[in-house]
Amino acid sequence: MADDLRSKLTGLWGKVKGSAQDGIARSEVAFAKGKAAGRAVYDDENRLIVDAGHIIDDDVLTRATAAGKLHAVASAAAAATAQDMKEKAEVRYNRTVDGKEARQLDSVEEYAQARVWMGWVTGLDVTDIRGEVLIPAGIKLNDEHFRVARSAGLLSALCHSASKGTSPADQRAAEAKQLAETPQGLVPEAHIVPQTGRTRLPLFVPQDDDG
């Protein structure tokens, strides 16, 4: 009798627990869907489910559910919401006299520090909190990119992208390697035109093996 009662109670608790978990899952899906992720979320195999700044859509939610990471995705959406509120508060503060002065001083210092990455090639997309790509990966950084990032308050994100990319030294090494691997093709050779005695513009002729 006692065993039957215990079995019934266990079964009832399992149903209640499952129902509660389903309700939480539905709430997390409803909350996260359509929002931007405030940080990247990976599964247990270190595969990317959603990247920071990207919109959480049905595909993301499906992958998250299958990987048991729905709560993590919902938390990432919450982080983005909190960041969005923080940005709005900062915008209001920056409109005040004190905010303008503080922002100008901080921005000048941050801008100067960020410029050490000038000439690097970005390794990651630089996106705002809503997922819009401001500076894509594979771009060689110049003044304009730093101005764009500074205006958007994304200088730190730009520096992080550069740190994952290619340095000017590595770019030069890659170019030198490519040049060295290029077959000995054409070498310039100037010669005199017999009829005029004038020097014709250099022609490019194949180089002999003897040099």
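No value in this document is a laboratory result; all are computed from the given coordinates. Everything numeric in this text was worked out from a predicted model, so none of it was measured. Glycine gets a Cβ as well: all are built from the backbone with ideal geometry, and neighbour counts include every protein chain shown.
A few remarks follow.
- Taking the number of Cβ atoms within 10 Å of each Cβ as an exposure proxy, the fewest-first ranking of E109, E45 is E45, E109.
- Model label sites at D143 and S27, defined 7 Å from Cα along the beta-carbon direction, differ in position by 5.4 nm.
- Sorting I129, I135, I55 from the fewest to the most surrounding beta carbons within 10 angstrom yields I55, I129, I135.
- Legend: ranking of residues D44, D125 from fewest to most surrounding C-beta atoms inside 10 Å; resulting order D44, D125.
- Phi to ³J(HN,Hα) by Karplus 6.51 cos²θ - 1.76 cosθ + 1.60 over region 49-59, Hz, x for Gly, Pro: 8, 8, 8, 4, x, 8, 6, 8, 10, 4, 5
- For V126, distant residues with modelled amide H under 5 Å away: L134, I135, A137
- Here the simple spin-label model places points 7 Å from the Cα toward Cβ, and for R130 and E110 these points are separated by 1.9 nm.
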